[in-house]
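Peer 1: Encoded as structure tokens, here's the structure I'll be asking about.
The values are calculated or read from the model by the stated rules, or taken from the named source; none is laboratory data. In this text, all values refer to a predicted model and were calculated from it rather than measured experimentally. Note: ideal-geometry Cβ built from the backbone for every residue, glycine included; neighbour counts use all protein chains shown. With ligands, DNA and RNA removed, areas are computed over all heavy atoms of the protein, side chains included. Shrake-Rupley method; radii C 1.70, N 1.55, O 1.52, S 1.80 Å.
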Amino acid sequence: MVCLRDSTPTDAQVVTDIINRDQPEPLGVEQVRERLTAPANSARNEWRLVAEADDGQVIGYGHALRDEWMEPGLFWTTIAVAHAARRQGIGSTIHNALLDWARPRDATALLTTVYEHLPQSVQFAERHGYQIERHIFESTLDLRAFDERPLLSALDAGRTAGIRFVTMADLGDTEEARRKLWDVETSTARDIPGFSASTVRPFESFNEQVCGTHGYRPDCQIIAQDGAVWVGLARLDPTEATEAMYNAITGVLPAYRGRGIALALKLLAIRAARRSGVRYLRTNNDAENAPMLAVNRKLGYRPEPGYYRMRADLPPEGH
């Protein structure tokens, strides 16, 4: 018999252990604890739960969440079950509970991510109505072996053309600077394959979910400026459980592409990561994002197992 209950911050360690069993990049306990502690002023609609065995041991975790800026009716879901407790219907029990919670909240579709090296997880998602929507490639860069010399010309060219490279720390990390960071990230993200104009995150959510987290590093947010115009960015997020950082996004406004600015931003991000003492960088790119995949290969990123974004469109209730 499995009991489902609301998760609490005290579940952080066991939930972290369950999630990390299959994660290529493990999550830190504090990162998970932060997610299990919803801000009182958050506009996010979410339910996070754990599954307990008869002896009270937590053997599963799930969540469904929706931000107000997402496509109408769309909810993100995550399900993880301890290895020793798999193939007992626990994942389906969690999924059905999340679905029952989301439907009265006008859910019309569910999204999830499943790692491509876990075929059993892909099959589980397919049995519950999910279909592959996007294929995302992951890759890592060994900073100990990285040689920046071939890329210095891109940085020099940008500076010669009047491009100024700064960090959010240089700018004081003010609310005005954060708004500009949000604006350039939103503008450059529009050209990423799979982007949907109906899922543009407003500044308030960006400020809470990106700049407001304990892992946010102003000195690891690299900005390219042309005078007063912010023309590009590279953002790094620490991964607490490993000596690594995640290059969450690198983007340049369309009018400034083809000038080596993306390469310069990535080089400066690599330098920032090295100053932080990390061993490697991890990033991801949509399988259809050939230009950025080419940039990363030029930098020396090594392909790693990626993941699928999978979607389940829900039939009307009663069907």
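Peer 1: For the charge dipole of the chain, defined by +1 on Lys and Arg C-beta atoms and -1 on Asp and Glu C-beta atoms about the Cα centroid, which residue among Ala273, Val81, Ala102 has the Cα displaced farthest towards the positive pole?
Peer 2: Of the options given, the answer is Ala273.
Peer 1: Using 0.36 nm per residue of separation minus the Cα-Cα distance, give me the extension gain between His214 and Ala287 in nm, one decimal.
Peer 2: That works out to 23.2 nm of additional length.
Peer 1: What ranking, highest mean first, results for peptides 221-233, 45-57 when packing means the other Cβ atoms within 10 Å averaged over each residue?
Peer 2: So the peptides 221-233, 45-57, ranked by packing, come out 221-233, 45-57.
Peer 1: A further question follows. Starting from the Cα-Cα distance between Ala294 and Gln23, subtract it from 0.36 nm times their residue separation and give me the gain in nm to one decimal.
Peer 2: Result: 95.0 nm gained on full extension.
Peer 1: Return, ordered by residue number, the residues of the range 177-193 whose backbone nitrogen is under 14 Å from a label point located 7 Å along Cα→Cβ of Phe203.
Peer 2: Those under the cut-off are 177-187.
Peer 1: Taking the Cα atoms only, what angle lies between the long axis of helix 90-102 and the longest principal axis of the chain, rounded to 10 degrees?
Peer 2: That works out to roughly 80 degrees.
Peer 1: If you don't mind, there's one more thing I want to ask. Taking a quarter of the surface of the convex hull around the Cα atoms of the chain, what do you get in nm²?
Peer 2: Quarter of the Cα hull surface area: 16.9 nm².
Peer 1: Helix-only estimate, please: 222 nm mean residue ellipticity of the chain, summing -39500 (n - 2.57) across DSSP H runs of length 4 or more and dividing by its residues, to the nearest 500.
Peer 2: -8500 deg cm²/dmol
Peer 1: Ignoring any ligand, DNA or RNA, what whole percent of the accessible area of the chain comes from carbon and sulfur when the probe is 1.4 angstrom?
Peer 2: Carbon and sulfur: 50 percent of the exposed surface of the chain.
Peer 1: Here's another thing I want to ask about it. If you take every DSSP beta bridge whose two residues both sit in the chain, what share of them, in percent to the nearest 5, is antiparallel?
Peer 2: 90
Peer 1: Can you tell me, using C-alpha contacts under 8 Å and at least 6 residues apart, the relative contact order of the range 175-319 as a whole percent?
Peer 2: 20
Peer 1: Report the net charge of residues surrounding Pro72, where surrounding means a beta-carbon distance below 11 angstrom and charges are Lys +1, Arg +1, Asp -1, Glu -1.
Peer 2: Residues near Pro72 contribute -2 overall.
Peer 1: Let me ask something additional. May I ask for the net charge around Thr112, where only other residues with Cβ less than 15 Å from the Cβ of Thr112 are counted and Lys, Arg are +1 while Asp, Glu are -1?
Peer 2: -1
Peer 1: Of the beta bridges DSSP finds with both residues in the range 236-319, what % are antiparallel, to the nearest 5?
Peer 2: The antiparallel proportion sits near 50 percent.
Peer 1: For the pair Arg86/Arg271, report the inter-label distance in nm, with labels modelled 7 Å from Cα in the Cβ direction.
Peer 2: My value for the distance between the label points is 4.4 nm.
Peer 1: Then there's this: How many nm separate the modelled label positions at Arg179 and Arg279, each set 7 Å beyond the Cα in the direction of the Cβ?
Peer 2: That separation, rounded to one decimal, is 4.3 nm.
Peer 1: Out of residues 5 or more away from Ala51 or on other chains, whose amide H comes under 5 Å of its own, with H placed 1.01 Å from N in the peptide plane?
Peer 2: For Ala51, the qualifying residues are Ile59, Gly60, Tyr61.
Peer 1: About its Cα centre, what dipole magnitude does the range 70-221 give when the only charges are +1 on Lys and Arg Cβ and -1 on Asp and Glu Cβ, stated in debye to the nearest 20?
Peer 2: 400
Peer 1: About the Cα centre of the chain, how large is the charge dipole given +1 on each Lys and Arg Cβ and -1 on each Asp and Glu Cβ? Please answer in debye to the nearest 20.
Peer 2: Taking the Cα centre of the chain as origin, the dipole is about 980 debye.
Peer 1: Another question, if that's okay. From the backbone phi of the range 122-139, what are the Karplus-calculated ³J(HN,Hα) couplings (6.51 cos²θ - 1.76 cosθ + 1.60, θ = phi - 60°) in whole Hz, Gly and Pro given as x?
Peer 2: Those phi angles translate into 4, 5, 4, 4, 5, 5, 9, x, 7, 10, 5, 9, 9, 10, 10, 8, 10, 7 Hz.
Peer 1: Still on this structure, please answer the following. Using θ = phi - 60° and the Karplus relation 6.51 cos²θ - 1.76 cosθ + 1.60, list the HN-Hα couplings for the range 65-71 in order, rounded to whole Hz, with x at every Gly or Pro.
Peer 2: Karplus-based 3J(HN,Hα) across the range 65-71 equals 8, 9, 8, 5, 8, 6, 3 Hz.
Peer 1: Here is a follow-up. Heads up, I need the accessible area for Cys3: 1.4 angstrom probe, whole protein in place, Å², nearest 10.
Peer 2: 70
Peer 1: Could you identify which residue out of Thr112, Thr174, Thr77 has the top mean-square fluctuation in a GNM of the chain using Cα springs shorter than 10 Å?
Peer 2: With Cα springs under 10 Å in the chain, the top fluctuation among Thr112, Thr174, Thr77 is at Thr174.
Peer 1: Using a 7 Å offset from the Cα along the Cα-to-Cβ direction at both Arg144 and Gln123, what is the distance between the two label points in nm, to one decimal?
Peer 2: Modelled inter-label distance: 3.8 nm.
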